[in-house]
Amino acid sequence: IENNNLFRPGDSKDAAMILTLQPGAYTAIVQGINSATGVALIEVNEFDQSANNSKLINISTRGYVGTGADVLIGGFVIEGSDSKQVLVRALGPSLTAQGVTGALSDPFVYLVNQADPTVIVGSNDNWESAEGISAIENNNLFRPGDSKDAAMILTLQPGAYTAIVQGINSVTGVALVEVNEL
């Protein structure tokens, strides 16, 4: 990390680690020292993409969705020269069934390309109104648990993207934003 300016944290109080992980699902948890609170950025970067043909296929973040600039964001990058089909989900109501208190009752998700963040690449309010709904409906792994959850399937060119989650009618609460490579 120290010899790589691209990934070197900007402050000595920032946390970073390099791990070699076996295929599987992992959760990274950020918390403040001495119960400190605030906004934090957590990122996962894949360094060795040649190892055993494994690759990162999903990234998700759970956090609080407020109003105005206090939205939940999830950034991701598509590398290479080929486009990728992805499923972007914003879960709120279905988190309640998983025991999460204070879940966002009506999430809205939209996606921007970081090259021009003024242009919305795709958006969704209620997943049952999404284009490609049959692909979502027929896949129990990705099907949101509540009709108010948001989801969309998009084919994206290589580039950096940001999924942004906010509450319909300025509702607030805990949500999960997730990107899956299909």
- line: If amide H atoms are modeled at 1.01 Å from N in the peptide plane, then the residues at a separation of 5 or more from Leu104, or on another chain, having amide H under 5 Å from its own are Val174, Ala175
- request: May I ask for the net charge around Ile78, where only other residues with Cβ less than 10 Å from the Cβ of Ile78 are counted and Lys, Arg are +1 while Asp, Glu are -1?
  value: -2
- request: With a 1.4 Å probe and every protein chain kept in, tell me what percent of the accessible surface of the range 68-182 is carbon plus sulfur.
  value: 47
field: With 5 Å bins from 0: P(r) over the range 97-182, alpha-carbon pairs, percent
entry: 3, 14, 23, 24, 20, 12, 4, 1
- prompt: Can you give the net charge of the other residues whose Cβ lies under 15 Å from the Cβ of Pro93, counting K and R as +1 and D and E as -1?
  reply: -2
- prompt: In whole Å, how far is the Cα centre of the range 55-111 from that of the range 116-182?
  reply: 7
- request: Pull out the extension gain between Thr172 and Thr155, defined as 0.36 nm times the separation in residues minus the alpha carbon to alpha carbon distance; nm, one decimal.
  value: 3.2 nm
task: Calculate, for Glu137 and Asp11, the FRET efficiency according to 1/(1 + (r/R0)^6) with r their C-beta to C-beta distance and R0 41 Å; round to the nearest 0.05.
output: 0.35
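The values are calculated or read from the model by the stated rules, or taken from the named source; none is laboratory data. Because the structure is a prediction, the values reported are computed rather than measured. Quick reminder, even Gly has a Cβ in these numbers, built from the backbone with ideal geometry, and neighbours come from all protein chains shown. We work out accessible area using only protein heavy atoms, side chains counted, and drop any ligands, DNA or RNA first. Shrake-Rupley method; radii C 1.70, N 1.55, O 1.52, S 1.80 Å.
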